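Heads up: the structure comes next, in structure tokens.
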Amino acid sequence: MPIVKRLTKGSALTHAELDGNFTELEIGRITAAQAAGVAVSASAQVLTMTSIARSMLGLAAPQLQPIPARTAPYRSSGTVRYVDFTYVPGVAPAGTYTAPYNSSAGIVTALAAMVAGDALLFRAGTTSTLSAAMAAVSGTSAAVPIVFGVYDGGTGAVEKRLFSRQGVATINCAGLGISAISMVAKNFTEVDGLNFTNNSGANWFVTFSGTSSGGRITNCTATGGQYHFAFQTTGLNPGHVMENNRSVGATEIPIAILLLGANDNNSVVQFNYAGGFSKAGIIANDNQAGLYDFSGTVACNSVEDGTDTTTRAGIDVSPRGGSPRVFRNTSRRNCVGIQLASSNATTTGSFAGALIENNDCSNNEFGIAVVNTRGALVIQYNRCIDSGSKTGATFITPLQYGRNIELYGNTEAIAVRDAIIRFNYCAGAYNWPGTSFPGSEGTGIGLDDNSANLSVYGNYCVANEGGGIQVNSGHGNRIYSNICVDNNKLRPGRSVAIADSGAGQITFVNTPFVEVFNNTCVGTGLLYQKYGIVDSSAFGSSSARIYNNLCIGGTVAGIARNVAAGTTSENNNVVVGSPAAVVNTSNAVIANGAGTSIQTAAAVGAVTNIYQPLAGGPCDGTGATVPGEAVAFDGQPLASRTPIGALFPAVAA
């Protein structure tokens, strides 16, 4: 269908019209005339995709995923048995509230007597020591569950079981190589409010395995040990809940959902904290089998200070495929902040419908890494900053990467393709000398090896030590309506040599059929801010198109083109404050494309409403859109000017 436009200022597109316009753009049905922006009105306005993007941002910002509701606890419908190791018998321990069990033998007795609907509660403020792993029969439904929980042993307590208390009764594994609680093929069981410590070997403190379903691990804490809390089950759509747990110092993995025999479309991991672990913090995968899909929810978790220096992530979602929702998480000072990857190294499953949204990632080597995933997944409204160093003093891994958002595929068969990357805030990534490509890191958004058919729009990339957006060795990607400001800006005292092919706000390398249009690129006269947009000198991109961009302040030119790279075209760009509009990769001035102009005064600029985090960050529940920066080469207000570039219609010469 045709693109819907408005010529009258203040006349807004409807939501249906906006949705239709972006559907047309993202499935490639824009006509050549529309894409080139040659529909000229009587007032000489050239209508392009920028007007659509502006309307979409200003009037129809997408609804963010809300903060999830807390899960209502299971409640016992049968006998409740009590454990209090501080109880001094006046009456022989019988597991009652007034005569609780007070020994490991008593726990064994209680477990042997349990039937569906029963609960075993441990007194808050006490420590119970085990002689063997605890296990019980299966619950039969949410109304007839098995519960391991805590109670208030105080005199006259009205509610004997305590709810929503985190880690208030301790279970000590006595240094044994056991799990504290091991439920094999058991359903509708809740472990709530307990603190676990002092086991040994490769044992989870709490584990559900086999065909278990309806399991819940909530409000628990754990310190030390190799592994903490896991659902490692074989059943289809088990519906597990991992909620509001706190894990510190696991020498391997704190929190896991492992798909060992079927797809999992409904499990939830939310409101958890994991810190000081040595591998991944929170994982949801199929144990690298490459067989099963995960489409559950990973939300509102906080993961920090992982010590891995290879490729492990704070939050690692790596099944074969699926449509997981990963939103409102905070990941900082890990190797990778959040990773979405396929576990199948040859024929990846589809990740269509997957969502990575409104996460806050800082001081990881990669803020968000998407690897070997095909399908129309969406990465939006994330805040990724300061990737490449945990402290600013050194790099994180020997590879010396530093990218706020990174997408790549190991081969074309499993490439990242068809994804949408939009409205992300990427700033401050560190650029290191590196081992393979010195000075090529510090990127805001990197579309790397084999990436294809990606739509990248509405992103704000500012003050990264490398380029704002880097496109490398993919094909058919569309980079439009982004704002890249003051990238290739090294922090004081840092020295990294950046090659000419990387000295642009937007750079692309060996990327056939890439389209770069309606972007605003702003430099401030620094050493490595030579261009607004640059094609690689060594690996040019054939059939590339560069049009309707606004490039301000490049010290050499607005655009550097590899003239030997096939049928690359350049037209209708505006360059402000640079010595030349267009140069080749040897910096020799070449002819401007049709409609491209150069101006020495700042008669143009860009201003937009674009996502920037508020004081509380993107995970504070607001998800608000706030005014972005007004960009002008001479620093003057832009309100009365007629801008082009990101999010605005162009003005014909």
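Summary table
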{"read-out": "Candidates 206, 248, 191 - the one that is open to solvent by 50 Å² or more (accessible area, probe 1.4 Å) and under 27 Å from residue 69 (Cα atoms)", "value": "248"}
{"read-out": "From 511, 507, residue being open to solvent by less than 10 Å² (accessible area, probe 1.4 Å) and within 17 Å of residue 587 (Cα to Cα)", "value": "507"}
{"read-out": "Test: residue 261 is open to solvent by 20 Å² or more (accessible area, probe 1.4 Å) and either modelled with pLDDT under 95 or touching a strand residue (DSSP E or B) at 6+ places or on another chain (Cβ under 8 Å) (or both)", "value": "yes"}
{"read-out": "Selection status of residue 483, touching a residue at least 60 places away in the same chain (Cβ under 8 Å) and either within 19 Å of residue 403 (Cβ to Cβ) or in contact with a Ser or Thr (Cβ under 9 Å, 6 or more places away or on another chain) (or both)", "value": "yes"}
{"read-out": "Which numbered condition residue 520 misses (of (1) open to solvent by less than 10 Å² (accessible area, probe 1.4 Å); (2) touching a helix residue (DSSP H, G or I) at 6+ places or on another chain (Cβ under 7 Å))", "value": "(2)"}
{"read-out": "Selection within region 331-346 - modelled with pLDDT of 95 or more, more than 12 Å from the chain's Cα centre (by Cα) and either crowded, with 22+ Cβ neighbours inside 10 Å or under 16 Å from residue 377 (Cβ atoms) (or both)", "value": "334, 335"}
{"read-out": "Residue within region 193-216 that is within 15 Å of residue 272 (Cα to Cα), at pLDDT 95 or above, outside any strand (DSSP E or B) and polar (S, T, N, Q) present", "value": "no"}
{"read-out": "Positions within region 523-557 being modelled with pLDDT of 90 or more, of a type in the set (A, V, I, L, M) and either under 11 Å from residue 486 (Cα atoms) or more than 27 Å from the chain's Cα centre (by Cα) (or both), in sequence order", "value": "526, 527, 534, 546, 556, 557"}
{"read-out": "Total residues in region 142-174, condition more than 19 Å from residue 101 (Cβ to Cβ), open to solvent by 40 Å² or more (accessible area, probe 1.4 Å) and modelled with pLDDT of 95 or more", "value": "4"}
{"read-out": "Contacts under 6 angstrom Cβ, first residue in region 180-197 being closer than 19 Å to residue 170 by Cα, partner open to solvent by 40 Å² or more (accessible area, probe 1.4 Å) and not charged (D, E, K, R), 6 or more apart", "value": "182/133; 182/135; 193/168; 197/223"}
{"read-out": "Residue under evaluation residue 458, criteria (1) more than 17 Å from residue 487 (Cα to Cα); (2) over 14 Å from the mean Cα position of the chain (by Cα); (3) not aromatic (Phe, Trp, Tyr), criterion not met", "value": "(1)"}
{"read-out": "Selection count, region 62-88, where residues are closer than 20 Å to residue 216 by Cα and of a type in the set (A, V, I, L, M)", "value": "4"}
{"read-out": "Any hit, region 224-245, residues being closer than 27 Å to residue 99 by Cα, touching a Gly at 6+ places or on another chain (Cβ under 6 Å) and open to solvent by 20 Å² or more (accessible area, probe 1.4 Å)", "value": "no"}
{"read-out": "Every residue from region 74-87 that is of a type outside the set (Phe, Trp, Tyr) and open to solvent by less than 50 Å² (accessible area, probe 1.4 Å)", "value": "76, 78, 80, 81, 83, 84"}
{"read-out": "Meets criteria (assigned to a loop (DSSP other than H, G, I, E, B) and either touching a residue at least 24 places away in the same chain (Cβ under 8 Å) or more than 27 Å from residue 241 (Cα to Cα) (or both)) for residue 73", "value": "yes"}
{"read-out": "Count of residues meeting criterion [among the β-branched types (Val, Ile, Thr) and either free of Cβ contacts under 8 Å to residues at least 24 places away in the same chain or in contact with a helix residue (DSSP H, G or I) (Cβ under 9 Å, 6 or more places away or on another chain) (or both)] in region 313-363", "value": "3"}
{"read-out": "Within region 264-280, tally of residues that are in a loop (DSSP other than H, G, I, E, B), open to solvent by less than 30 Å² (accessible area, probe 1.4 Å) and charged (D, E, K, R)", "value": "0"}
{"read-out": "Residue list for region 523-542, filter: closer than 20 Å to residue 589 by Cα and either β-branched (Val, Ile, Thr) or touching a Lys or Arg at 6+ places or on another chain (Cβ under 9 Å) (or both)", "value": "523, 528, 529, 533, 534, 535, 540"}
{"read-out": "Total residues in region 347-382, condition buried (at least 23 other Cβ atoms within 10 Å of the Cβ) and closer than 30 Å to residue 493 by Cα", "value": "10"}
{"read-out": "Unique match (being open to solvent by less than 50 Å² (accessible area, probe 1.4 Å) and assigned to a loop (DSSP other than H, G, I, E, B)) among 106, 95, 90", "value": "95"}
{"read-out": "Any hit, region 450-468, residues being closer than 27 Å to residue 333 by Cβ, of a type in the set (Phe, Trp, Tyr) and part of a loop (DSSP other than H, G, I, E, B)", "value": "no"}
{"read-out": "Residues satisfying the stated conditions in region 432-470, i.e. among the β-branched types (Val, Ile, Thr) and in contact with an Asp or Glu (Cβ under 9 Å, 6 or more places away or on another chain)", "value": "443, 445, 462"}
{"read-out": "Which listed residue, of 457, 480, 430, is open to solvent by less than 10 Å² (accessible area, probe 1.4 Å), among the hydroxyl-bearing types (Ser, Thr, Tyr) and over 16 Å from residue 532 (Cβ atoms)", "value": "457"}
{"read-out": "Count of region 209-223 residues which are open to solvent by less than 10 Å² (accessible area, probe 1.4 Å) and either touching a Lys or Arg at 6+ places or on another chain (Cβ under 6 Å) or of a type in the set (Gly, Ala, Ser) (or both)", "value": "4"}
{"read-out": "Some residue of region 405-427 being within 12 Å of residue 461 (Cβ to Cβ), open to solvent by 10 Å² or more (accessible area, probe 1.4 Å) and of a type in the set (Ser, Thr, Tyr)", "value": "yes"}
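The values are calculated or read from the model by the stated rules, or taken from the named source; none is laboratory data. This one's a predicted model, so the numbers in the text were calculated from it and none came from an experiment. Cβ sites come from the backbone with ideal geometry, for glycine too, and all protein chains shown count toward neighbours. Each accessible area value is taken on the protein alone, full model and side chains, heavy atoms only, with ligands, DNA and RNA left out. Shrake-Rupley method; radii C 1.70, N 1.55, O 1.52, S 1.80 Å.
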